[in-house]
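Here's the structure, in structure tokens; my notes come after.
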Amino acid sequence: MSQLAPLILTLFFAAPVLCWRPWPNSTDSLYGGSKKYEGSSEFVHLKYHMGPVLTANITVYPIWYGTWKSSQKRIIRDFIDSISAADAKPPSVSGWWKTVRLYTDQTDNNISRTVHVGEQKNDRFYSHGKSLTRLSVQSVIKSAVSASTRPLPINPKSGVYLLLTSDDVYVQDFCNNVCGFHYFTFPSIVGYTLPYAWVGNSAKLCAGVCAYPFAVPDYIPGLKAVKSPNGDVGVDGMISVIAHEIAELSTNPLVNAWYAGQDPVFPVEIADLCEGIYGTGGGGSYTGQMLNGRDGATYNMNGIRRRFLVQWVWNHVLNYCTGPNALDQ
């Protein structure tokens, strides 16, 4: 067992669960071009692998790495707080979360209804530099939970540690079809096993890849970007990636719960199955039907104080992607 442990650790660390990127679709190779994202599909075999899910009230601990404006932080905090805001105008972020809540653990307990922002940590002096590896991402989290002043709480059962890097920070594989990823920390590095995610601000590095459709890829001539709902292309683009990660961390925090595919090192999770789908008719390179505000901004969900564009997630009961702005609702 001791001889196998380093190998297992290497395999897991070599491939944290890579996040969705809006363009192109990453699951085509797994399910083929005939996969119909919005409709039911015999190609999708999402299974429960008996691992834990986040059934207790979920606390998100943001780690603001680098230079962040107060206005940018408010947008992200407002989104997280909107997940549990049942009184938001429909179609709402809380309506989107209802699909995530359909997932259960071995005892049929559902994903928690409550998601809120907990203590936060600022790392404005780039303590680990402006170029991070996957290993140093965990080291940033270690610094946040072991700080001499105001360390983040240790919450392995219902905590989500959300590392957010500013637009001047590069993380390993960022922009190379990776906009974020989630995994869990190793006790050998952090001291605890904590579910975490990293999401980067792509505004200066690759907005056309990670902030689509608020920015468009250079290699697609004639494609026009849409107006972001909160006036910040980078942060508005981050919102859907953050949503993607929180949904997957809740249903697969230790990479042994809900996923499709045969390889737990490369799982396809509930948000991966709906990459780039924001509305009815979405699939492939088409986003689906979105909403347009009077100010010309594009969105598909309402939060408690503002609007957001958030990708749909896989509904394992109906066996297709669903969202609160579906035209048949």
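Would you mind finding the one in ILE76, ILE141, ILE111, ILE80 that is more than 27 Å from ASP232 (Cβ to Cβ) and hydrophobic (A, V, I, L, M, F, W, C)?
On the way: ILE76 fails: more than 27 Å from ASP232 (Cβ to Cβ); ILE141 fails: more than 27 Å from ASP232 (Cβ to Cβ); ILE80 fails: more than 27 Å from ASP232 (Cβ to Cβ).
Just a single option satisfies the conditions, and that option is ILE111.
Take the conditions of a type in the set (Gly, Ala, Ser), modelled with pLDDT of 95 or more, at positive phi and touching a Ser or Thr at 6+ places or on another chain (Cβ under 9 Å) and apply them to GLY159. Does it pass? Quick ask: steps written out before the conclusion?
On the way: of a type in the set (Gly, Ala, Ser): yes; modelled with pLDDT of 95 or more: yes; at positive phi: no; touching a Ser or Thr at 6+ places or on another chain (Cβ under 9 Å): yes.
So GLY159 does not fit the description; no.
Here is a list of conditions, (1) in contact with a strand residue (DSSP E or B) (Cβ under 6 Å, 6 or more places away or on another chain); (2) closer than 17 Å to PHE181 by Cβ, and ASN315 meets all of them except one; can you say which number that is?
Of the numbered conditions (1) in contact with a strand residue (DSSP E or B) (Cβ under 6 Å, 6 or more places away or on another chain); (2) closer than 17 Å to PHE181 by Cβ, the odd one out for ASN315 is (2).
Looking at ASP218, ASP272, ASP263, which one is among the acidic types (Asp, Glu) and either in contact (Cβ under 8 Å) with a residue 60 or more places away in the chain or closer than 22 Å to ALA85 by Cβ (or both)? Give the derivation first.
Working: ASP218 fails: either in contact (Cβ under 8 Å) with a residue 60 or more places away in the chain or closer than 22 Å to ALA85 by Cβ (or both); ASP263 fails: either in contact (Cβ under 8 Å) with a residue 60 or more places away in the chain or closer than 22 Å to ALA85 by Cβ (or both).
The unique qualifying residue is ASP272.
Return the residues of region 280-306 that are on the phi > 0 side of the Ramachandran plot and buried (at least 18 other Cβ atoms within 10 Å of the Cβ); say none if nothing qualifies. Break it down stepwise before answering.
Just the residues of region 280-306 that are on the phi > 0 side of the Ramachandran plot, to begin with: 281, 283-284, 288, 296.
Those that are on the phi > 0 side of the Ramachandran plot and buried (at least 18 other Cβ atoms within 10 Å of the Cβ): GLY283, GLY288.
Restrict the check to region 307-317 and report whether at least one residue is closer than 30 Å to LYS69 by Cα and either over 17 Å from the mean Cα position of the chain (by Cα) or modelled with pLDDT under 95 (or both). Walk me through it before giving the result.
Going residue by residue through region 307-317, those that are closer than 30 Å to LYS69 by Cα are 307-313.
Subset that is either over 17 Å from the mean Cα position of the chain (by Cα) or modelled with pLDDT under 95 (or both): 307.
Yes, region 307-317 contains at least one residue that is closer than 30 Å to LYS69 by Cα and either over 17 Å from the mean Cα position of the chain (by Cα) or modelled with pLDDT under 95 (or both).
Of everything in region 129-145, what is surrounded by 13 or more Cβ atoms within 10 Å (Cβ to Cβ), without any contact (Cβ under 8 Å) to a residue 60 or more places away in the chain and not hydrophobic (A, V, I, L, M, F, W, C)? Give them in sequence order.
THR133, SER136, GLN138, SER139, LYS142, SER143
Out of region 206-225, which residues are of a type in the set (A, V, I, L, M), out of contact with any Leu (no Cβ under 7 Å at 6 or more places or on another chain) and crowded, with 19+ Cβ neighbours inside 10 Å? Outline the logic, then answer.
Within region 206-225, the subset of a type in the set (A, V, I, L, M) is 207, 209, 211, 215-216, 220, 223, 225.
With the extra rule that they be out of contact with any Leu (no Cβ under 7 Å at 6 or more places or on another chain), the set shrinks to 207, 209, 211, 215, 220, 223, 225.
Passing the criteria: ALA207, VAL209, ALA211, ALA215.
Could you say which residue among ASP168, ASP236, ASP173 is over 30 Å from ASN57 (Cβ atoms), among the charged types (D, E, K, R) and under 17 Å from the mean Cα position of the chain (by Cα)?
Working: ASP168 fails: under 17 Å from the mean Cα position of the chain (by Cα); ASP236 fails: over 30 Å from ASN57 (Cβ atoms).
Within the list ASP168, ASP236, ASP173, the selection yields ASP173.
Within region 77-92, is even one residue over 21 Å from the mean Cα position of the chain (by Cα), farther than 25 Å from ASN325 by Cα, modelled with pLDDT of 95 or more and not hydrophobic (A, V, I, L, M, F, W, C)?
no
Here's the yes/no breakdown for (1) closer than 30 Å to THR193 by Cβ; (2) β-branched (Val, Ile, Thr); (3) in a helix (DSSP H, G or I):
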residue	(1), (2), (3)
PRO213	no, no, no
HIS244	yes, no, yes
SER250	yes, no, yes
PHE266	yes, no, no
TYR278	no, no, no
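The values are calculated or read from the model by the stated rules, or taken from the named source; none is laboratory data. Since the structure is predicted, the reported quantities are computational estimates derived from the model, not experimental observations. Neighbour counts are summed over all protein chains in view; Cβ atoms, including those assigned to glycine, are modelled from backbone coordinates with ideal geometry.
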